[in-house]
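Some notes on the structure that comes next.
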Amino acid sequence: MLIGTNHLRKSSIVNIVNPPDAVIAMTRLNPFDRDAAGRPYVPDDLLERMKTVTSEEAWAVLDKHGYLFQFEGGWFRTHPERIMVGRAVTAQMFPYRPDYHNAVQEAGTAQGRLGGQNSWVIDTLQIGDVLVVDMYGKIREGTFVGDNLSTAVMTRTKAGAVIDGGIRDYTGIRELENVSFFCRGIDPTPIRNTTLGGINVPIRIGHVTVLPGDVVLGTPTGVTFIPPHLVQEVVEYAEDIHLRDAFGKQRLAEQRYTPGEIDVPTWRDDIEADFQAWLTNRR
């Protein structure tokens, strides 16, 4: 049966923000609370502990559970001295198509959204979020933020953004504190000829499928996107590795064990017992 256009409401043509029920359905393994948008809300204390995790440590847990495509490298980093951790707010951008662009713009205007469509995404950010943008690798005229919008990201998130596209105004962005941006390149052109496809939708960043609420870990190695239900295990695994490294280095310095005894996947029972006693004495 055909439906006449007079039965369709203009305001329902485009969902700019994915409805909470849809976000909840796609992140059904989340063990934590959720925010008003339906995104998994990994607790702040786990985010803080995640800042000591390396890409390799996170990868070991993800690989074990069959999450084989959660890491993406090859980024330009605006603040290479900073580790970036936060909850993903996803945004998908499309190449410009006039009819679709106009539909999105009309929907946004009807909802009272101001500024460019990239600003609409930034307006949704909260403390602890990381903006993750599928800009399909576009750098020229794909500069999702300059120094003004980067300042807004810094103020709203205290974390940063991962942009599979470009940025501009690098000199001004570099002066910002408490924020970090991972992008594909820098260009002086403004953002043009691109349209917002949706906020808090599944997106592709390189080889990775990213869902809203994933924990984003940005390190000198690259960016890892960790599903919420694996965050606790990643953090605890990494903390155990750090303790074992400290123990091993101490015992090697004391010449109690040889490198061949320490630098193995599994320690002998007597070394493991020594480690457990060492842990007890530290508490």
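Listed values, structure above:
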read-out	value
Calculated SAXS-style log₁₀ I(q)/I(0) at q = 0.13, 0.14, 0.18 Å⁻¹ - segment 80-162, Debye, Cα scatterers	-0.44, -0.51, -0.82
Per-selection Kirkwood Rh - the chain (Cα, Å, 1 d.p.)	20.6 Å
Extension reserve of the Glu177-Ile127 stretch, reckoned as 0.36 nm per residue once the Cα distance is removed	16.6 nm
Segment 166-250 shape via C-alpha gyration tensor axes, a/c threshold 1.5	oblate
Full-extension gain in nm, Ala110 to Asp33, via 0.36 nm per residue minus C-alpha separation	24.6 nm
Extreme residue, positive dipole direction of the chain, given options Trp120, Gln255, Trp278 (C-beta unit charges)	Trp120
Net charge dipole size for the chain [Lys, Arg +1 and Asp, Glu -1 on Cβ; Debye, nearest 20]	960 debye
Those aspartates and glutamates that a straight Cα-Cα span of less than 13 Å connects to Lys64, excepting residues fewer than 8 apart in one chain	Glu56, Glu233
Inter-site label distance for Thr52 and Gln255 at 7 Å from Cα along Cβ, in nm	3.1 nm
Amide N of segment 20-51 lying under 13 Å from the label point, which is placed 7 angstrom from the Cα of Lys158 along Cα→Cβ	44-45, 47-48
Residues Met154, Met93, Met84 arranged by fewest to most Cβ contacts within 10 Å	Met154, Met84, Met93
For segment 141-147, 3J(HN,Hα) per residue [Karplus equation, 6.51 cos²θ - 1.76 cosθ + 1.60, θ = phi - 60°, Hz, x = Gly/Pro]	6, x, 7, 5, 9, x, 5
Leu211, Leu176, Leu131, Leu149 arranged by Cβ crowding within 10 Å, fewest neighbours leading	Leu176, Leu211, Leu149, Leu131
Selected from Pro95, Pro265, Pro228 as most flexible by GNM, with the chain as the system and alpha-carbon contacts under 10 Å	Pro265
Extension gain, Asp270 back to Thr189 (0.36 nm per residue minus Cα-Cα distance, nm)	22.9 nm
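Here, each number is a calculation from the coordinates, and none is a lab measurement. Everything numeric here is computed off the predicted structure, so don't read it as measured data. Glycine gets a Cβ as well: all are built from the backbone with ideal geometry, and neighbour counts include every protein chain shown.
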